[in-house]
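The values are calculated or read from the model by the stated rules, or taken from the named source; none is laboratory data. Only a predicted model underlies this, so the values are computations on that prediction, with no experimental measurement involved. With ideal geometry, Cβ positions are generated from the backbone for all residues, glycine too; neighbour counts draw on all protein chains shown.
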Amino acid sequence: MSLATLLNDNQDSPALAPHDRARLSQLFKRLSERTEMFLGYPVAKDFACQDLSHFLSLPLNNLGDPFAPSTYQVDTREFEREVLEFAARLLRAEEHNWWGYVTNGGSEGNLYGLYLARELFPKAMVYFSEATHYSVSKNLHLLGMPHIMIRAQKSGEIDYEDLRETLRLHRDQVPILFANIGTTMTEGMDDLVKVRQIFKEMAIAESYIHCDAALCGFIAPFLNPRPAFDFADGADRISISGHKFIGSPIPCGLVLAKKRHVERIARSIAYIGNLDTTISGSRNGLTPLILWTAIRRLGEEGFRERVQLSLSLADYACRSLREIGVDAWRNPNALTVVFPSPSAKVRSKWQLASAEGASHLLTLPNVTREQIDHFVADVAAGH
Ligand SMILES: *Cc1c(COP(=O)(O)O)cnc(C)c1O
């Protein structure tokens, strides 16, 4: 069947009534306007869908494990595997010793990382810093895992002394560290080399590190110096969002793990008569294509340029705010600029996330200098 026939067939379905169509037009106009005033969330808005929109007419479903054969053949799992291969190379996973899948978002990857950790070490204790994303407490509650919150430094990075002291009190339990590779408010990063060193000093034989790299998974590999955050640095599992730095218009993400961990869990499930390696049954077949398209368009060099552009915008935003007397700051090589919260009106106009008197803006590649100038002028005018 040709593409034209497919699209024509779809036009045989009942038409939308004119007033319903008008409502959709109004919604589209309002959302387009709100997209222009968007500095507070780490979401790129520059993904172009032109190569993919016709796939919406197909019942795509990437049911089950991306690496296992399936009878459901309207799938994009071949492309999903290529996306995972790209990420595995970037995150220095050991060849032939990794596994992963495209998730519905960073939170699902984090949930899965903790689930896997619990299956491997049922009696373990989870440690995470107070700067950790809010979804993690909920996930730990869902999984019924004991956990301890560790202090964070002002940068958002974990307080290693507090971690060391707390570990000392729980030497009988395997530690699971939920590490942040870019915290939500300040983009602080925990250093896996320092964490592994602490484990070593304390003669901890078994441990597990999950990295929440929702924003920075596709940024950190291109930073200089390269942060200690990936498989070669000691991560056991990494979760990344696909709608943040890459800017998928549909929320998604990906998760990668060491293969032998997943094999252990798959075996334990096989024992009860099922081999099921992902959290959802039906899985989105469109989002792997979106990620694949972005990766093919950019290539590693394109990602590197995207990171450089974002960093120079962050530097520009930080300097511009400081020039009008705002006490703005950013972590080294961060896209996140933190400053005392401006008026409620400015926060709402620019959709700024705020906590404890601080707000932040993020300069993803679609942000322009004009938008930053406009925002800084609003802050200076106090409205
Ligand atoms: C955005 C974010 C998440 C959640 O990711 P989703 O893709 O929105 O589910 C988790 N952790 C951090 C640090 C984040 O910034």
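Could you go through the range 220-241 and let me know if any residue there is over 30 Å from Ser312 (Cβ atoms), modelled with pLDDT of 95 or more and in contact with an Asp or Glu (Cβ under 9 Å, 6 or more places away or on another chain). There is no residue in the range 220-241 that is over 30 Å from Ser312 (Cβ atoms), modelled with pLDDT of 95 or more and in contact with an Asp or Glu (Cβ under 9 Å, 6 or more places away or on another chain).
Of the listed requirements (1) away from the ligand (no atom under 16 Å from the Cβ); (2) within 12 Å of Ile238 (Cα to Cα); (3) crowded, with 17+ Cβ neighbours inside 10 Å, Gly109 misses just one: (1). The residues on offer are Phe231, Phe218, and the sole one that is of a type in the set (Phe, Trp, Tyr), more than 11 Å from the ligand (Cβ to nearest atom) and under 12 Å from the mean Cα position of the chain (by Cα) is Phe218. Selection over the range 221-242 of residues that are crowded, with 24+ Cβ neighbours inside 10 Å and not in a strand (DSSP E or B) gives a count of 3.
Within the range 325-333, not a single residue is among the β-branched types (Val, Ile, Thr) and touching a helix residue (DSSP H, G or I) at 6+ places or on another chain (Cβ under 6 Å). Restricted to the range 14-23, and to residues there that are exposed (fewer than 10 other Cβ atoms within 10 Å of the Cβ) and under 22 Å from His54 (Cβ atoms), the residue that is modelled with the highest pLDDT is Ala15. The test for being at pLDDT below 90 and outside any helix (DSSP H, G or I) does not hold for Asp51. How about the range 328-358: which of its residues are surrounded by fewer than 19 Cβ atoms within 10 Å (Cβ to Cβ) and not in a loop (DSSP other than H, G, I, E, B)? Correct list: Trp329, Pro340, Ala344, Lys345, Val346, Arg347, Ser348, Lys349, Ser354, Ala355, Ala358.
Identify all residues within the range 62-81 that are surrounded by fewer than 15 Cβ atoms within 10 Å (Cβ to Cβ) and not in a loop (DSSP other than H, G, I, E, B); write none if there are none.
Our first condition is that a residue be surrounded by fewer than 15 Cβ atoms within 10 Å (Cβ to Cβ); within the range 62-81, this holds for 68-74, 78.
Listed by number, the list holds a single entry, Glu78.
For the condition more than 16 Å from the ligand (Cβ to nearest atom), out of contact with any helix residue (DSSP H, G or I) (no Cβ under 9 Å at 6 or more places or on another chain) and not in a loop (DSSP other than H, G, I, E, B), what is the one hit in Glu85, Glu119?
Working: Glu119 fails: out of contact with any helix residue (DSSP H, G or I) (no Cβ under 9 Å at 6 or more places or on another chain).
Being more than 16 Å from the ligand (Cβ to nearest atom), out of contact with any helix residue (DSSP H, G or I) (no Cβ under 9 Å at 6 or more places or on another chain) and not in a loop (DSSP other than H, G, I, E, B) holds for just one of Glu85, Glu119, which is Glu85.
All of Gln26, Gln11 fail the test of being modelled with pLDDT under 90 and more than 30 Å from Thr336 (Cα to Cα), apart from Gln11.
Does Glu85 count as without any contact (Cβ under 8 Å) to a residue 60 or more places away in the chain, under 18 Å from the mean Cα position of the chain (by Cα) and under 24 Å from Gly281 (Cα atoms)? In short, yes.
Spot the failing condition for Glu95; the list is (1) closer than 22 Å to His243 by Cα; (2) of a type in the set (Asp, Glu); (3) in contact with a helix residue (DSSP H, G or I) (Cβ under 9 Å, 6 or more places away or on another chain), and only one is missed. With (1) closer than 22 Å to His243 by Cα; (2) of a type in the set (Asp, Glu); (3) in contact with a helix residue (DSSP H, G or I) (Cβ under 9 Å, 6 or more places away or on another chain) applied to Glu95, the lone miss is (1). Restricting the first member to the range 219-245 and to residues that are more than 21 Å from Gly299 (Cα to Cα) and in contact (Cβ under 8 Å) with a residue 60 or more places away in the chain, and the second to residues that are within 16 Å of the ligand (Cβ to nearest atom) and not hydrophobic (A, V, I, L, M, F, W, C), the beta-carbon pairs closer than 6 Å and six or more apart or on different chains are Arg237/Gly113; Arg237/His210.
So that you can scan it fast, the table gives a plain yes or no per residue for (1) at pLDDT below 95; (2) under 20 Å from the mean Cα position of the chain (by Cα):
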site: Glu119; (1), (2): yes, no
site: Ser135; (1), (2): yes, yes
site: Gly144; (1), (2): no, no
site: Lys154; (1), (2): no, no
site: Glu161; (1), (2): no, no
site: Arg164; (1), (2): no, no
site: Val174; (1), (2): no, no
site: Phe178; (1), (2): no, yes
site: Met189; (1), (2): no, yes
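The condition of being within 16 Å of the ligand (Cβ to nearest atom), among the aliphatic types (A, V, I, L, M) and modelled with pLDDT of 95 or more holds for only one of Ile295, Ile290, that being Ile290.
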